[in-house]
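Worksheet for the structure shown next.
The values are calculated or read from the model by the stated rules, or taken from the named source; none is laboratory data. Small disclaimer: the values here were computed from a predicted structure and weren't measured. Counting neighbours? That spans all protein chains shown, and the Cβs are built from the backbone with ideal geometry, glycine included.
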Amino acid sequence: MSKTFKVGMLAGLAALAYGGSALANIDPTKLGPTTGDIFLNVVDTTNSTSFLFDTGISQALFNGSASGTPLNFSTDANWATFYTAHATDSFLFSVVSSTVGSGRGATGTVFFTGTTAPTATVGANIGQATAIVTGFIGTTTTGAASITSSTTNSVLLPSGNYWGDPLREGAFSTNLFALANAVSAAPGTALAFYSETSSALTDTVAAATLATFAGKWNLNLSTGTLSYSAVPLPAPLVLLLSGLGLMGLVARRGKGGASGYAFGAAA
């Protein structure tokens, strides 16, 4: 085999590899219902389109009590197409994740942002919310996963498939907040993050379990950056806790002296 042919063959394989990545689709197995990666939705309310970005962070690996490294997708080809040409449009963003177990009595869990604090809903609402996410993501033949994408972790969604549709985001929000527009806000708004879970996904009476994560999500449109920041304790509370800790230390010292032991000395 000549060197020229080898070089040509390698170039051809490289071109095929590039073409394959250019026609990739997002991976529906990562976005739910088993793995449940946390994903960002940015909705262009002017054009009724949306951008979906898989953060790569599953529900199981998410640490809600600590700030995370900001995720920068400014060089993502889908983002460039979505935002660069429409920077003057109106946008909303939300962060969502959903998992559902298998078999009878399966547990369903949704993570979601909110502009207002939710109250615990019932199992049937969690079942419907997880079903909405599953339907939105779909498979390689339906839903977001069927849209041709330049990457496997993002996709640009047209009006017929976009997240902001009342039957998708609207219905998802209604099941969790009884409001159709409570999960998203304008970029630059810090959104609280919640978890709600139930093992009775058809029950209309049994309450689901609601939890609030310590941090908030925020989206910077101009830099194409999504960040999760844990909320620090208010300064007055920090001072109060510090004072209580100091009082406890003094009390222990006093108690040690009364019992005949020097503080820090071995018994």
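Looking only at the range 181-232, residues that are β-branched (Val, Ile, Thr), buried (at least 20 other Cβ atoms within 10 Å of the Cβ) and touching a Pro at 6+ places or on another chain (Cβ under 6 Å) come to 0 in all. Considering only residues that are touching a strand residue (DSSP E or B) at 6+ places or on another chain (Cβ under 7 Å) and either in a helix (DSSP H, G or I) or over 14 Å from residue 132 (Cβ atoms) (or both), which ones fall in the range 170-183? Matches in the range 170-183: 176, 177, 182. Among the residues of the range 24-36, not a single one is at pLDDT 95 or above and in contact with a Lys or Arg (Cβ under 6 Å, 6 or more places away or on another chain). Against the list (1) over 17 Å from the mean Cα position of the chain (by Cα); (2) within 16 Å of residue 186 (Cα to Cα); (3) not in a loop (DSSP other than H, G, I, E, B), the condition residue 89 fails is (3). Evaluated against (1) more than 18 Å from residue 35 (Cα to Cα); (2) part of a helix (DSSP H, G or I); (3) at pLDDT 95 or above; (4) among the β-branched types (Val, Ile, Thr), residue 84 falls short on exactly one condition, (3). Report yes if residue 38 is surrounded by fewer than 22 Cβ atoms within 10 Å (Cβ to Cβ), within 9 Å of the chain's Cα centre (by Cα) and part of a strand (DSSP E or B), otherwise no. Here the answer is no, as residue 38 does not meet what is asked. Residue 83 falls short on exactly one of the conditions (1) of a type outside the set (S, T, N, Q); (2) in contact with a helix residue (DSSP H, G or I) (Cβ under 9 Å, 6 or more places away or on another chain); (3) touching a residue at least 40 places away in the same chain (Cβ under 8 Å); (4) buried (at least 16 other Cβ atoms within 10 Å of the Cβ), and that condition is (2).
Output the residue which, of all residues in the range 95-115 that are closer than 18 Å to residue 187 by Cα and either charged (D, E, K, R) or touching a helix residue (DSSP H, G or I) at 6+ places or on another chain (Cβ under 7 Å) (or both), is surrounded by the fewest Cβ atoms within 10 Å (Cβ to Cβ). Filtering first and then ranking leaves 114. For the range 134-161, filtered to residues that are among the hydrophobic types (A, V, I, L, M, F, W, C) and touching a helix residue (DSSP H, G or I) at 6+ places or on another chain (Cβ under 7 Å), the residue that is surrounded by the most Cβ atoms within 10 Å (Cβ to Cβ) is 136. If the condition is being under 19 Å from residue 44 (Cβ atoms) and either surrounded by fewer than 21 Cβ atoms within 10 Å (Cβ to Cβ) or among the acidic types (Asp, Glu) (or both), then the range 162-172 contributes 165, 166, 167, 169, 170. Residues of the range 145-163 that are under 16 Å from the mean Cα position of the chain (by Cα) and either over 22 Å from residue 90 (Cα atoms) or of a type outside the set (A, V, I, L, M) (or both): 153, 154, 163.
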